[in-house]
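Student: Please see the structure below; I have some questions.
The values are calculated or read from the model by the stated rules, or taken from the named source; none is laboratory data. No experiment lies behind these values; they were computed from the predicted model shown. All Cβ positions, even for glycine, are placed from backbone atoms using ideal geometry, and neighbour counts span all protein chains on display. Heavy atoms of the whole protein, side chains included, go into the accessibility calculation; ligands, DNA and RNA do not. Shrake-Rupley method; radii C 1.70, N 1.55, O 1.52, S 1.80 Å.
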Protein chains: 2
Amino acid sequence: MDDEPRTARARQRREQILDAASICFARYGFHGASVAQISKQACMSPGHIYHFFDNKEAIVGGIVERMAARWLELLEPYPQDREVLDTVTERATHALAERTRPDFAGLWLEVLAETARNATVQRAVGNADERIRAAVTEQVSFIRDMLGVQSDTPLSAIVEVVLALYEGLSNRSVINPAFDRGQIREVVLSATHAILIA
Amino acid sequence: MDDEPRTARARQRREQILDAASICFARYGFHGASVAQISKQACMSPGHIYHFFDNKEAIVGGIVERMAARWLELLEPYPQDREVLDTVTERATHALAERTRPDFAGLWLEVLAETARNATVQRAVGNADERIRAAVTEQVSFIRDMLGVQSDTPLSAIVEVVLALYEGLSNRSVINPAFDRGQIREVVLSATHAILIA
């Protein structure tokens, strides 16, 4: 067996564990979910899981990395040949949909609850967030240049508040059973625009 | 012993349990915290705790009720004899501070993680949120009238997005170790204003 398929298979196994753990953490919570449950959900032996991850915290770290990679993909550089506000609208609509997907929101809130009390998870989330903030900062800077915004508001404040808005949409989708993402879309876009030019 | 002090004492004991449980849930998570730990933290016997609350879910319900009562206090009717935007600024600043208090944010994220998977907690949070939404809707309606806003955006969408922004500030205060509420205040105010007049 050469290295290539082994690596691909290992990567696939790793993904399989993260998928299974995501389901278990969302369903039972980080502390409620055991490696035994995760291994059952992943159809793998616990030994196999420990081959890839030292412990549950490392699995959470893997989940956070995967989420961050997904957000960073959505944050690719803005196309130069298109109205900047059209791209803002498109990406904001996409982010609204992603952040309020039930399988995302529940898992993310579980990760954040653990972030507030666990230094290892805090480090993983903090590192991922640093990269996301860097990518968003670059985009916000580009958007403000393109729109000719004249204001000396620190970019870091703009980025923090725009991220807060989309964070909060996840919470609201969990809190309000009647949450209706279609109904709020226009207001989310107005708010996003106002923050970007603040 | 007449009824009055007994009721006051019972109320005080109940508060004492909610305080202790808030500390334990924030520290160990809802599933990680036991009634034994809560009773130790509250300096009460487990029997005493079960006298007031049937189980941990009922304690979470009590915590959510108490948080809601606190938010509703902050949502008292707007004074008529004052510039409406001054009151918006004052309350937004207050909400920013409250939502990003470390002891609040961690506990609230733990409650939300449980909300996403537990129908009993979902009901408690949903009921509290319904009352908060009603109060915020009344205020948003008043503010828009005072500012002469001409727009047929549904009030429920405005309310949902303004709540999302403040929800998200809690998340951000947990995610970013360098979160600086003073630095973002002006942008939060701009965003709040933009949402209110959307």
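Student: So the check is Cβ under 8 Å with 6+ separation or different chains; which pairs have a first residue in the range B:13-38 that's within 17 Å of residue B:117 (Cβ to Cβ) and a second one that's of a type in the set (Asp, Glu)?
Tutor: What qualifies is B:25/B:110; B:29/A:114; B:29/B:110; B:30/B:110; B:30/B:114.
Student: Select from the range B:151-161 the residues that are crowded, with 24+ Cβ neighbours inside 10 Å and over 12 Å from residue B:141 (Cβ atoms) and list them in ascending order.
Tutor: B:160, B:161
Student: Go through the residues of the range B:89-97 one by one and say whether even a single one is touching a helix residue (DSSP H, G or I) at 6+ places or on another chain (Cβ under 7 Å), open to solvent by 80 Å² or more (accessible area, probe 1.4 Å) and assigned by TED's automatic domain parsing to the domain that holds residue B:181.
Tutor: yes
Student: Write out, first by first residue and then by second, each pair whose Cβ atoms fall under 6 Å of each other, whose residues are 6+ apart or on separate chains, and whose first residue, in the range A:86-104, is in contact (Cβ under 8 Å) with a residue 12 or more places away in the chain while the second is open to solvent by 40 Å² or more (accessible area, probe 1.4 Å).
Tutor: Filtered contacts from the range A:86-104: A:96/A:181; A:100/A:181.
Student: Given the options A:79, A:5, name the one that is more than 30 Å from residue A:189 (Cα to Cα) and modelled with pLDDT under 95. Talk me through it step by step, then tell me what you get.
Tutor: On the way: A:79 fails: more than 30 Å from residue A:189 (Cα to Cα).
Answer to the selection: A:5.
Student: Hey, can you tell me all the residues within the range B:112-124 that are surrounded by fewer than 24 Cβ atoms within 10 Å (Cβ to Cβ) and assigned to a helix (DSSP H, G or I)?
Tutor: Step one: filter the range B:112-124 for residues surrounded by fewer than 24 Cβ atoms within 10 Å (Cβ to Cβ), giving B:117-124.
Selection gives B:119, B:120, B:121, B:122, B:123, B:124.
Student: Among the residues of the range B:73-81, is any touching a Phe, Trp or Tyr at 6+ places or on another chain (Cβ under 9 Å), part of a loop (DSSP other than H, G, I, E, B), within 14 Å of chain A (Cβ to nearest Cβ) and open to solvent by 50 Å² or more (accessible area, probe 1.4 Å)? Break it down stepwise before answering.
Tutor: From the range B:73-81, those touching a Phe, Trp or Tyr at 6+ places or on another chain (Cβ under 9 Å) are B:77-78; that's our starting set.
Cutting the leftovers down to part of a loop (DSSP other than H, G, I, E, B) gives us B:77-78.
Imposing the further condition that a residue be within 14 Å of chain A (Cβ to nearest Cβ) reduces the set to none.
No - not one qualifying residue is present in the range B:73-81.
Student: Quick check on residue B:172: is it charged (D, E, K, R), assigned by TED's automatic domain parsing to the domain that holds residue B:70, open to solvent by 20 Å² or more (accessible area, probe 1.4 Å) and under 20 Å from the mean Cα position of the chain (by Cα)? Steps first, please.
Tutor: Details: charged (D, E, K, R): yes; assigned by TED's automatic domain parsing to the domain that holds residue B:70: yes; open to solvent by 20 Å² or more (accessible area, probe 1.4 Å): no; under 20 Å from the mean Cα position of the chain (by Cα): yes.
It is false that residue B:172 is charged (D, E, K, R), assigned by TED's automatic domain parsing to the domain that holds residue B:70, open to solvent by 20 Å² or more (accessible area, probe 1.4 Å) and under 20 Å from the mean Cα position of the chain (by Cα).
Student: Here is a further query. Can you find a residue that is under 30 Å from residue A:118 (Cα atoms), basic (Lys, Arg) and facing chain A (nearest Cβ under 8 Å) anywhere in the range B:172-191?
Tutor: Scanning the range B:172-191, I find at least one residue that is under 30 Å from residue A:118 (Cα atoms), basic (Lys, Arg) and facing chain A (nearest Cβ under 8 Å), so the answer is yes.
Student: Now, a different point. Just one of B:124, B:113, B:128 is under 23 Å from residue B:31 (Cα atoms), facing chain A (nearest Cβ under 7 Å) and not acidic (Asp, Glu); which is it? Reasoning before the result, please.
Tutor: Working: B:124 fails: facing chain A (nearest Cβ under 7 Å); B:128 fails: facing chain A (nearest Cβ under 7 Å).
Being under 23 Å from residue B:31 (Cα atoms), facing chain A (nearest Cβ under 7 Å) and not acidic (Asp, Glu) holds for just one of B:124, B:113, B:128, which is B:113.
Student: Within the range B:140-167, track down each residue that is closer than 19 Å to residue B:68 by Cβ and within 9 Å of chain A (Cβ to nearest Cβ). Spell out how you get there, then give the answer.
Tutor: Filtering the range B:140-167 for residues closer than 19 Å to residue B:68 by Cβ gives B:140, B:156, B:159-160, B:162-167.
Listed by number, the residues that qualify are B:156, B:160, B:162, B:163, B:164, B:165, B:166, B:167.
Student: Somewhere in the range A:120-140, is a residue closer than 16 Å to residue A:198 by Cβ, in contact with a Phe, Trp or Tyr (Cβ under 8 Å, 6 or more places away or on another chain) and touching a residue at least 12 places away in the same chain (Cβ under 8 Å)?
Tutor: yes
Student: When the residues of the range B:125-144 are narrowed to those that are charged (D, E, K, R) and within 14 Å of the chain's Cα centre (by Cα), which ends up least open to solvent (accessible area, probe 1.4 Å)?
Tutor: First, the residues of the range B:125-144 that are charged (D, E, K, R): B:129-131, B:133, B:138, B:144.
Next cut, within 14 Å of the chain's Cα centre (by Cα) only: B:129-131, B:133.
Working: B:129: 11, B:130: 112, B:131: 101, B:133: 56 Å².
The extreme case among them is B:129.
Student: Of everything in the range A:16-63, what is open to solvent by less than 50 Å² (accessible area, probe 1.4 Å) and among the hydroxyl-bearing types (Ser, Thr, Tyr)? Give them in sequence order.
Tutor: A:22, A:34, A:39
Student: Having 1 or more residues that are within 14 Å of another protein chain (Cβ to nearest Cβ) and touching a helix residue (DSSP H, G or I) at 6+ places or on another chain (Cβ under 7 Å) is the bar; report the helices (runs of 4 or more DSSP H) wholly within the range B:1-59 that clear it.
Tutor: The helices (runs of 4 or more DSSP H) meeting that bar are B:3-28, B:35-41.
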